[in-house]
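Participant: The structure's right below; bear with me while I get my questions together.
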Amino acid sequence: MILTNWPEGIKKTKQREAIWSVLTDATKPITALDIAETISDGTTWMSTIYRTLEMLETKGIITRTTIMGSDMAYYEITPHTHRHYAVCTKCGDMVPLHTCPVVEMPQELTDAGFTVTEHHLEIAGICQKCKQTK
């Protein structure tokens with residue numbers, strides 16, 4: 001279950017509450033620009049959004065992800081289990097995978113005495129919508 005209540009120990013401001021609301025309503029990772037466009041109240045500056053996202057990330061409340069071949073960062077409330085996504089290379093749409101395709105670590109890592117602390121997997125392809133739009 002993903003955290004949706006106000007994070008403990010974080011000071012509430014109107015802007016932070018608006019950012020938090022967008023994050024908790026999101027069904028997939030979103031960019032700071034997505035957050036700004038959703039809020040669009042004229043009082044929440046991009047600098048405020050970025051500072052809030054950085055603070056929430058530092059506290060481990062949200063996760064920041066970048067997609068292969070893009071400088072854009074995507075944010076989501078940190079799930080209790082890790083997630084992977086398939087990403088459309090044309091429109092950037094993201095499809096969440098509900099299971100981890102990495103069932104076990106490669107034997108080469110075990111043989112080398114390597115301890116895996118985390119992993120990131122990105123699957124790239126073309127979504128159905130983009131395949132139909134030629």
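Participant: All but one of (1) under 18 Å from residue 29 (Cβ atoms); (2) free of Cβ contacts under 8 Å to residues at least 40 places away in the same chain; (3) outside any loop (DSSP other than H, G, I, E, B) hold for residue 109, so report the exception by its number.
Facilitator: Result: residue 109 fails condition (1) only.
Participant: Give 95, 103 a once-over and let me know the one that is open to solvent by 70 Å² or more (accessible area, probe 1.4 Å) and assigned to a strand (DSSP E or B).
Facilitator: Working: 103 fails: assigned to a strand (DSSP E or B).
Step by step, each of 95, 103 is checked, and only 95 is open to solvent by 70 Å² or more (accessible area, probe 1.4 Å) and assigned to a strand (DSSP E or B).
Participant: Cβ-Cβ below 9 Å, separation at least six or inter-chain, first residue in region 90-101 and farther than 16 Å from residue 125 by Cα, second open to solvent by 80 Å² or more (accessible area, probe 1.4 Å): which pairs?
Facilitator: 98/83; 100/81; 100/82; 100/83
Participant: Scan region 30-75 residue by residue and report those that are of a type in the set (A, V, I, L, M) and more than 25 Å from residue 88 (Cα to Cα). Outline the logic, then answer.
Facilitator: Keep residues of region 30-75 that are of a type in the set (A, V, I, L, M), which gives 30, 32-33, 35-36, 39, 46, 49, 53, 55-56, 61-62, 67-68, 72-73.
Result: 39, 46, 49, 55, 56, 61.
Participant: Limited to region 1-52, what total is found for residues that are under 18 Å from the mean Cα position of the chain (by Cα), surrounded by fewer than 17 Cβ atoms within 10 Å (Cβ to Cβ) and basic (Lys, Arg)?
Facilitator: 2
Participant: Then there is this: Could we say that residue 115 is over 26 Å from residue 36 (Cα atoms), in a loop (DSSP other than H, G, I, E, B) and hydroxyl-bearing (Ser, Thr, Tyr) here?
Facilitator: Numbers: over 26 Å from residue 36 (Cα atoms): yes; in a loop (DSSP other than H, G, I, E, B): yes; hydroxyl-bearing (Ser, Thr, Tyr): yes.
Yes, satisfied.
Participant: Look at residue 122 and say whether it is out of contact with any helix residue (DSSP H, G or I) (no Cβ under 9 Å at 6 or more places or on another chain), in contact (Cβ under 8 Å) with a residue 12 or more places away in the chain and open to solvent by 70 Å² or more (accessible area, probe 1.4 Å).
Facilitator: Values: out of contact with any helix residue (DSSP H, G or I) (no Cβ under 9 Å at 6 or more places or on another chain): yes; in contact (Cβ under 8 Å) with a residue 12 or more places away in the chain: yes; open to solvent by 70 Å² or more (accessible area, probe 1.4 Å): no.
Answer is no for this residue.
The values are calculated or read from the model by the stated rules, or taken from the named source; none is laboratory data. A quick note: this is a predicted structure, and the numbers were derived from the prediction, not measured. Cβ sites come from the backbone with ideal geometry, for glycine too, and all protein chains shown count toward neighbours. Areas reflect the complete protein model, heavy atoms only, side chains present, ligands, DNA and RNA absent. Shrake-Rupley method; radii C 1.70, N 1.55, O 1.52, S 1.80 Å.
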